[in-house]
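Chemist: Below you'll find the structure I mean.
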Amino acid sequence: MNAPTSFDKASALREKLVVIGNGMAGCRAVEEILARDPERFDITIFGAEPRVNYNRIMLSPVLAGEKTFDEIVLNTAEWYAENGIELVGGDPVDHIDRERQTVVSRSGRAEPYDKLLIATGSDPFIIPVAGRDLPGVVTFRDLDDVDKMLAAAGQGGNAVVIGGGLLGLEAAHGLSLRGMKVTVIHLMPTLMERQLDEAAGWLLKTELERRGQTILTGADTQEIIEKDGHVAGVRLKDGQEIPADIVVMAVGIRPSTMLAKTAGLDCERGVMVDDHMVTSDANVLAVGECVQHRGLCYGLVAPLWEMCRSLADHLTGTPSGYQGSVTSTKLKVSGIDVFSAGDFSGGDGAEDIVMRDAARGVYKRVVLKDDKIVGAVLYGDTADGNWYFDLLKKAEDISEIRDGLIFGQAFALGGGANADPNAAVAALSDDAEICGCNGVSKGKVVDTIRAGACSLDAVRSQCKASASCGSCTGLVESLLALTLGDEVQAGAKTLCKCTSFTHDDARRLIVEKELRAMPQVMQELHWTTPDGCASCRPALNYYLLCAWPGEYEDDQKSRFVNERLHANIQKDGTYSVVPRMWGGLTNPRELRAIADVVEKYDAPMVKVTGGQRLDIFGIKKEDLPAVWADLNAAGMVSGHAYGKSLRTVKTCVGSEWCRFGTQDSTGLGVKIEQMTWGSWMPHKFKIAVSGCPRNCAEATIKDFGVVCVDSGYELHIGGNGGIKVRATDLLCKVGTEEEVMEHCAAFIQLYREDAHYLERTAPWLERKGLEWIKAQMFDDPDTVRRLAARFRQSQKFMQNDPWAKRASGDRSDLHQHLATIRPALTEYA
Amino acid sequence: MQAKWLDIGPVTQIEPGMAATLPVIGGEEIAVFHTMRGEFYALVNKCPHKQGPLSQGIVHGDSVTCPLHNWRISLRSGEALGDDEGCVPTIPVKVDAGRIYLLREAVVPPTPAQRKAA
Ligand SMILES: Cc1cc2nc3c(=O)[nH]c(=O)nc-3n(C[C@H](O)[C@H](O)[C@H](O)COP(=O)(O)OP(=O)(O)OC[C@H]3O[C@@H](n4cnc5c(N)ncnc54)[C@H](O)[C@@H]3O)c2cc1C
Ligand code: SF4
Ligand code: FES
């Protein structure tokens, strides 16, 4: 018995408080109670861990070697003694008997109480995979876990951390500093997805990879591999195996409610408490991570402090009431600054202010609603995190400082009028640098504007300010406004509302700066929205695909439904399917396969299209893979009738049958189609080959048309039979089929590399001019060959039948329903 | 007793930035969305404009752009955004321990007995 005697006399008169859980909340609650009324309770604390109360959040620095255990102890043995608290360590409570008001510990010790406080924290969540119980698989929750990790790290080797959230990344950081080779496996596509948005998550991933960790996102664990009775690695669902000498599971936590539940207290996700932290039993209170208050469970310490205050107020007779908390998080990985607070998921009426400074690796996003901050995500520069958080908690009206808000406290509060960004720029001296990339001073920009550059684009092209990374675009715009007043010309049309860059700039910079992923483009080019919109995403996806064939991984979620499902969506939500018929030719086997599909899937209509193919209508999304499997079986592949890609090559019968035909237009059409199919383009692309100038294949209203003549082939470009009919322009005349093919490939590639997304060849040609296109192709004798070679190179990766992949089960999730809800029949009875 | 929430499976079955469909016998098909920021929403799978299948649109922020005529619909409120007007019913969703739940009464019509009791 180690309770000091000075308290013994009084203890019989005092109420008995028993605390289950010697963690952060349990002890803090006791501290708060002692601060208010040290004489009131006779206190016993049960702890499952055999040690005094320590600062759990500092386990990460202990693992990383930045702190020792002694440095993170919150209350020493003396503290317990001085306050007459009995600590029963290493002996967890097994049972609460509410009727007798007694708790019973594992060792059999029974302790009666007047008031009971449950502060059992949470249990780490263990994913139910094979091998989870192997030695070498650890969680990250208490000092014992840290000791296990340190022991493993002492041997060097490989560590796998499952879970890329706060805890997982801190564990990975520590193990990596301790010399292990670390791989983080994260189920979601971005790290810390609950605290960070996609953009910040991407920056974080890039930085961790730079530090030598391997980060696998979108990776699902299949099982933990064993060798000689110890963990040896992790196998993912995609078959990949990662060797491991230790596996840390950090996939989440669950309020520890077992004790409360078996004692019959109301529990949902956590132990249910009211505003005074009282459970469904008036004599039992609960606090910390194990509770659920107004529907919420918390996994951070700040809310616990607030809970402990109301708990102590209540127990000492001056009830205050806990109102719930708004939380903020920081990642404790040295050298990486990440901050997130509140609700940054946007929502109705929410506005985003986004600032991206690619050069400094900074991303900041503040979310506003009704002129108040509701959320913030900061990466790279978190100095203002607390200021935003404070404004958020106080629900301050920020309309006055809105313009400067994103630049932080110092700037925004730099005295009323100065919050006007124009004023700040006006105050700069003439030799102040505006554009860091190109070394352009304020004076030079102003001179350029005075000399007649009235738009952002003009400034960009004339003095290069803001023409590279674009982070100074805002400054240049301010200078335009200051210098010209109302005369500022609206710049060239930007790609969409999310950016100040035009299509051309975005394309050019993707290549110049070697941007290879969508979040990277958005960061480097200062996108003002977190994840783009339905206009820029498909465009960027295409630009990346065109710039890095074979390298860039197509992003399904940025594709329009037709391309995602490889079929045409129709007005009733069903799809139509067009198999390829090379050059418009078909045969009995194909016709039979089509007829069978029509019958088997009850397709209500089949139609011959304008491009000489057969279109099968009315197929349901879930039937598509089966339809394709049947068509594939007859040797047919996707006709891409749905895509921004090559549609058809229309032909006439030509010299083989027609009495006027000069060349084999059908055979040439088939060859062209076999060369060009499958290629993604800025827009749909149609080709035709006519056997003589009678032009039965209507080659002069196609994107690329070939008209055969006695002496060879006339090549036509930029035709369109759509809303605005446009006849082609003659590009050139060539003598052989090989030259036709070479020029066709070259022209397509020029279009692919230059046109804006969703710009067909006709408007593109009119915008650039026929002369420009001819110059691009013919000024240098080698360009046609080079363009064609680039086209053929990219075709190596493009020419595979998307139907075949899907028919074999790839991405069946895109086609199937999640499930079907069938209300029980009796419900209708 | 019937659970208040219908379990429709693990969160991992829908990739962020995508949606999935859930037909209801005797009711409207439901579209369940997973945004790029990891949030889940459910709407009736019919655009207020001309009944386009919203589940097949492009998801960005917390809105979806309908695949038929590009109306933008809020995933939170079901309302058409911008200059368009119209609204599609939303279904309350919650995520717990890695599983997605829909509010049962918003999906399944109440039985006559339940209706009487109410
Ligand atoms: C590695 C790590 C890093 C973290 N970093 C941060 C951070 O940076 N910022 C932040 O805000 N939060 C952080 N947290 C979360 C923070 O530590 C918790 O929110 C906080 O500790 C919760 O306090 P608690 O008292 O509810 O639970 P705990 O501190 O876990 O205490 C619960 C205690 O109850 C004991 N117990 C459980 N069952 C019984 C029983 N039947 N009988 C007796 N005792 C029992 C447990 O052994 C434990 O000691 C981190 C957590 C970890 C693990
Ligand atoms: S274009 Fe000339 S060759 Fe071809 S079918 Fe017509 S008439 Fe005959
Ligand atoms: S049906 Fe959705 S926009 Fe027309």
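The values are calculated or read from the model by the stated rules, or taken from the named source; none is laboratory data. Not measured: the values here are computed from a predicted model. Every residue, glycine as well, gets a Cβ built from its backbone with ideal geometry; the counts of neighbours run over all protein chains shown.
Chemist: State which residue is nearest to the other protein chains (Cβ to nearest Cβ) when the search covers only the stretch A:677-726 and only residues that are of a type in the set (Gly, Ala, Ser) and away from ligand 2 (no atom under 12 Å from the Cβ).
Modeler: So the first thing to find is which residues in the stretch A:677-726 are of a type in the set (Gly, Ala, Ser), and the list is A:678-679, A:688, A:690-691, A:697, A:699, A:705, A:711-712, A:718-719, A:721-722.
Those left that are additionally away from ligand 2 (no atom under 12 Å from the Cβ): A:678-679, A:711-712, A:718-719, A:721-722.
Values: A:678: 23, A:679: 22, A:711: 48, A:712: 44, A:718: 26, A:719: 27, A:721: 22, A:722: 18 Å.
Out of the qualifying residues, it is A:722.
Chemist: With the condition kept exactly as written, say whether any residue in the stretch A:631-640 is within 14 Å of ligand 2 (Cβ to nearest atom) and either surrounded by fewer than 20 Cβ atoms within 10 Å (Cβ to Cβ) or over 16 Å from residue A:747 (Cα atoms) (or both). Before the answer, list the steps.
Modeler: In the first step, residues of the stretch A:631-640 are kept if they are within 14 Å of ligand 2 (Cβ to nearest atom); the result is none.
Taking every residue of the stretch A:631-640 in turn, none turns out to be within 14 Å of ligand 2 (Cβ to nearest atom) and either surrounded by fewer than 20 Cβ atoms within 10 Å (Cβ to Cβ) or over 16 Å from residue A:747 (Cα atoms) (or both).
Chemist: Can you tell me how many residues in the stretch A:504-532 are among the β-branched types (Val, Ile, Thr), farther than 15 Å from residue A:357 by Cβ and within 14 Å of chain B (Cβ to nearest Cβ)?
Modeler: So the count comes out to 1.
Chemist: Moving on to the next point. Checking the condition acidic (Asp, Glu), touching a Gly at 6+ places or on another chain (Cβ under 9 Å) and at pLDDT 95 or above, which residue from A:738, A:714, A:742, A:753 passes?
Modeler: Numbers: A:738 fails: touching a Gly at 6+ places or on another chain (Cβ under 9 Å); A:742 fails: touching a Gly at 6+ places or on another chain (Cβ under 9 Å); A:753 fails: touching a Gly at 6+ places or on another chain (Cβ under 9 Å).
Of A:738, A:714, A:742, A:753, the one residue that is acidic (Asp, Glu), touching a Gly at 6+ places or on another chain (Cβ under 9 Å) and at pLDDT 95 or above is A:714.
For (1) in a loop (DSSP other than H, G, I, E, B); (2) at pLDDT below 85, each residue gets a yes or a no:
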position: A:375; (1), (2): no, no
position: A:378; (1), (2): no, no
position: A:383; (1), (2): yes, yes
position: A:386; (1), (2): no, yes
position: A:392; (1), (2): no, no
position: A:418; (1), (2): no, yes
position: A:425; (1), (2): no, yes
position: A:429; (1), (2): yes, yes
position: A:448; (1), (2): no, no
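Chemist: Mind telling me which of the residues A:643, A:661 ends up being assigned to a loop (DSSP other than H, G, I, E, B), modelled with pLDDT under 95, under 29 Å from residue A:539 (Cβ atoms) and not basic (Lys, Arg)?
Modeler: Numbers: A:661 fails: under 29 Å from residue A:539 (Cβ atoms).
Of the residues listed, the single one that is assigned to a loop (DSSP other than H, G, I, E, B), modelled with pLDDT under 95, under 29 Å from residue A:539 (Cβ atoms) and not basic (Lys, Arg) is A:643.
Chemist: How many residues are more than 8 Å from chain A (Cβ to nearest Cβ) and either touching an Asp or Glu at 6+ places or on another chain (Cβ under 9 Å) or among the charged types (D, E, K, R) (or both) when one looks only at the stretch B:1-13?
Modeler: Residues of the stretch B:1-13 that are more than 8 Å from chain A (Cβ to nearest Cβ), as a first pass: B:1-5, B:7, B:10-11.
Okay, now just the ones that are also either touching an Asp or Glu at 6+ places or on another chain (Cβ under 9 Å) or among the charged types (D, E, K, R) (or both), so B:4-5, B:7.
Counting residues in the stretch B:1-13 that are more than 8 Å from chain A (Cβ to nearest Cβ) and either touching an Asp or Glu at 6+ places or on another chain (Cβ under 9 Å) or among the charged types (D, E, K, R) (or both) gives 3.
Chemist: Does residue B:94 meet the test of being of a type in the set (Lys, Arg), assigned to a loop (DSSP other than H, G, I, E, B) and more than 7 Å from chain A (Cβ to nearest Cβ)? Lay out the reasoning, then the answer.
Modeler: Numbers: of a type in the set (Lys, Arg): yes; assigned to a loop (DSSP other than H, G, I, E, B): no; more than 7 Å from chain A (Cβ to nearest Cβ): yes.
For residue B:94, the condition - of a type in the set (Lys, Arg), assigned to a loop (DSSP other than H, G, I, E, B) and more than 7 Å from chain A (Cβ to nearest Cβ) - is not met.
Chemist: Starting from residues that are part of a strand (DSSP E or B) and in contact with a Leu (Cβ under 9 Å, 6 or more places away or on another chain), keep the ones in the stretch B:21-39 and report whichever is farthest from ligand 1 (Cβ to nearest atom). Lay out the reasoning, then the answer.
Modeler: Of all residues in the stretch B:21-39, those part of a strand (DSSP E or B) come to B:21-22, B:24, B:30-34.
If we keep only those that are in contact with a Leu (Cβ under 9 Å, 6 or more places away or on another chain) too, we end up with B:21-22, B:30-33.
On the way: B:21: 38, B:22: 36, B:30: 36, B:31: 36, B:32: 31, B:33: 30 Å.
So, considering only residues that are part of a strand (DSSP E or B) and in contact with a Leu (Cβ under 9 Å, 6 or more places away or on another chain), the one farthest from ligand 1 (Cβ to nearest atom) is B:21.
Chemist: Provide a single number: the residues in the stretch B:43-78 that are more than 9 Å from chain A (Cβ to nearest Cβ), assigned to a strand (DSSP E or B) and more than 10 Å from ligand 3 (Cβ to nearest atom).
Modeler: 2
Chemist: Among residues belonging to the stretch A:762-785 that are basic (Lys, Arg) and either touching a helix residue (DSSP H, G or I) at 6+ places or on another chain (Cβ under 8 Å) or touching a residue at least 24 places away in the same chain (Cβ under 8 Å) (or both), point out the one that is nearest to residue A:682 (Cα to Cα).
Modeler: Of the stretch A:762-785, the ones basic (Lys, Arg) are A:767-768, A:774, A:785.
Then keep just the ones that are either touching a helix residue (DSSP H, G or I) at 6+ places or on another chain (Cβ under 8 Å) or touching a residue at least 24 places away in the same chain (Cβ under 8 Å) (or both); that gives A:768, A:774, A:785.
On the way: A:768: 15, A:774: 20, A:785: 21 Å.
Step by step, filter the stretch A:762-785, then rank; the result is A:768.
Chemist: Of the residues that sit in the stretch A:32-46 and are assigned to a helix (DSSP H, G or I) and either in contact (Cβ under 8 Å) with a residue 60 or more places away in the chain or within 11 Å of ligand 1 (Cβ to nearest atom) (or both), which one is surrounded by the fewest Cβ atoms within 10 Å (Cβ to Cβ)? Steps first, answer last, please.
Modeler: The first filter runs over the stretch A:32-46 and keeps only residues assigned to a helix (DSSP H, G or I), leaving A:32-36.
If we keep only those that are either in contact (Cβ under 8 Å) with a residue 60 or more places away in the chain or within 11 Å of ligand 1 (Cβ to nearest atom) (or both) as well, we get A:32-33, A:35-36.
On the way: A:32: 20, A:33: 24, A:35: 11, A:36: 15.
Among them, the one singled out is A:35.
Chemist: Next question. Please find, among B:17, B:26, B:38, the residue that is farther than 26 Å from residue A:572 by Cα, surrounded by fewer than 24 Cβ atoms within 10 Å (Cβ to Cβ) and at the interface with chain A (Cβ under 7 Å from one of its Cβ atoms). If you could, list the steps in order and put the result at the bottom.
Modeler: Working: B:17 fails: farther than 26 Å from residue A:572 by Cα; B:26 fails: farther than 26 Å from residue A:572 by Cα.
That would be B:38, the only listed residue that is farther than 26 Å from residue A:572 by Cα, surrounded by fewer than 24 Cβ atoms within 10 Å (Cβ to Cβ) and at the interface with chain A (Cβ under 7 Å from one of its Cβ atoms).
Chemist: Are there helices (runs of 4 or more DSSP H) fully within the stretch A:499-605 with at least 1 residues that are surrounded by 19 or more Cβ atoms within 10 Å (Cβ to Cβ), touching a Phe, Trp or Tyr at 6+ places or on another chain (Cβ under 9 Å) and acidic (Asp, Glu)? List them.
Modeler: A:561-565
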